Amino acid sequence: MVKHSKPRAGSLAFWPRVRAKRIYPRIRTWPSTEKVKILGFAGYKAGMAHVTLIDNRKNSPTKGEEISVPITVIDCPPLRVIGVRVYEETPDGLKVFNELWDPKVSEDKDLKRKIITGKYDENKAKLIEENLEKVKKIRLIVRTQPRTSGIRKKTPEVFEIEIGGKDKKEAWEFSKNLVGKEVRVKDVFKEGEFVDVIAVTKGKGTQGPVKRFGIKIQPRKAAGKRRHLGTLGSETPRRVLWTVPMAGQMGFQTRTEYNKRILKIGEDGKEITPKSGFTNYGIVKGDYVLIEGSVPGPKKRMIRLRSAIRPPEVSLLPTEIKSFSMKSE
């Protein structure tokens, strides 16, 4: 008899609901672009506030009027490029072909707290240039500079940011020239641009099925317990399925929110920092970004920004901000 089998139907949604492996996310997918440019950035969530702006969204019922919009303030100190890593395509997927490190990376005392870095080698640069036809992806290895933020810590985060562009030779020269230099958020994004926000959400520990899945509370005549399932499933198959709502980890999971609009990119954090500083964060000292709406994660969490992978029809929608609330929220 022919065995019946088919691909699963439906979305897994947020499964598996397990703790993230680390406190800041890894981005696995990047948009493809014709132009050679940096496709992402990162900053620290300082807090929320609200602004009054002119609504210029198409088909909005309040178009042309002043509206109040909640915003998230992200502290974005410059990222330092400490290396370039190139990948080649293999039958098993992308594999590291070679990498080029900053000659001064061994002098970085804060970086030694985090990783063991590679050594600078001019021969590696020549090897990459001679084999550019094999190169599939080029990514910058960058480190954050938390000492220049209001987060009060020393150990930096280290991660990769992909370089867009079809011309690999141009992308390699662009990347090689950035090694050892700082990249600012205004060099990557523009005001009015839509970005994807990736972060690890607030951790809420172990929670029951009512809070975790929103199941119905049993009536008072239920046998024994009220905040539990009425049944664990059918008699067959003779096991408890993974789809059954049960207690477990809630929060502290990597989440992506698509198409969040950048309302403003500023260079002086004093413009938007309350006199007492942001509650549970502190003072935004330098570059900052105002994102329309909320973003995942608590204050001080590192937020990664990526060029929109599925942008709306209007990919750039700058607006006029009339006023900013200095009240920390």
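The values are calculated or read from the model by the stated rules, or taken from the named source; none is laboratory data. Everything numeric here is computed off the predicted structure, so don't read it as measured data. Cβ atoms come from the backbone with ideal geometry, glycine included; neighbour counts cover every protein chain shown.
Structural remarks
- Pick from the range 210-265, criterion in a loop (DSSP other than H, G, I, E, B) and among the aromatic types (Phe, Trp, Tyr), ranking: surrounded by the fewest Cβ atoms within 10 Å (Cβ to Cβ): Trp242
- Tally, over the range 142-193, of residues that are among the basic types (Lys, Arg) and either assigned to a strand (DSSP E or B) or closer than 23 Å to Pro298 by Cα (or both): 5
- Under the condition of being part of a strand (DSSP E or B), within 22 Å of the chain's Cα centre (by Cα) and surrounded by 15 or more Cβ atoms within 10 Å (Cβ to Cβ), the residues counted in the range 74-103 number 11.
- Restricting Gly297, Gly286 to those that are at pLDDT 90 or above, in contact with a helix residue (DSSP H, G or I) (Cβ under 9 Å, 6 or more places away or on another chain) and assigned to a loop (DSSP other than H, G, I, E, B) reduces the list to Gly286.
- Within the option set Val158, Val96, Val73, being β-branched (Val, Ile, Thr) and in contact with an Asp or Glu (Cβ under 9 Å, 6 or more places away or on another chain) holds for one residue only, Val96.
- Checked against (1) buried (at least 20 other Cβ atoms within 10 Å of the Cβ); (2) among the β-branched types (Val, Ile, Thr); (3) more than 29 Å from Ser315 (Cβ to Cβ), Thr155 meets all criteria but (1).
- Verdict on Arg28 being assigned to a loop (DSSP other than H, G, I, E, B) and within 28 Å of Lys153 (Cα to Cα): yes
- Residue match in the range 35-49 (condition: over 17 Å from Met302 (Cβ atoms), in a loop (DSSP other than H, G, I, E, B), free of Cβ contacts under 8 Å to residues at least 24 places away in the same chain and not polar (S, T, N, Q)): no
Yes or no, residue by residue, for (1) of a type in the set (A, V, I, L, M, F, W, C); (2) modelled with pLDDT under 95:
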position: Gly180; (1), (2): no, yes
position: Val183; (1), (2): yes, no
position: Phe189; (1), (2): yes, no
position: Lys202; (1), (2): no, no
position: Phe213; (1), (2): yes, yes
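- In the range 272-280, the condition of being outside any loop (DSSP other than H, G, I, E, B) and among the aromatic types (Phe, Trp, Tyr) is met by at least one residue.
- Of all residues in the range 262-276, one or more are in contact with a strand residue (DSSP E or B) (Cβ under 6 Å, 6 or more places away or on another chain), under 23 Å from Thr201 (Cα atoms) and not charged (D, E, K, R).
- Filter result for the condition that a residue is within 28 Å of Phe189 (Cβ to Cβ), basic (Lys, Arg) and in a strand (DSSP E or B), over Arg57, Arg139: Arg139
Listed here are the residues, each with its yes/no results for (1) outside the structural domain of Ile198 (by TED's automatic domain parsing); (2) under 22 Å from Thr256 (Cα atoms); (3) under 17 Å from the mean Cα position of the chain (by Cα).
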site: Ala20; (1), (2), (3): no, yes, yes
site: Ala49; (1), (2), (3): no, yes, no
site: Ile54; (1), (2), (3): no, no, no
site: Asn59; (1), (2), (3): no, no, no
site: Glu66; (1), (2), (3): no, no, no
site: Thr72; (1), (2), (3): no, yes, yes
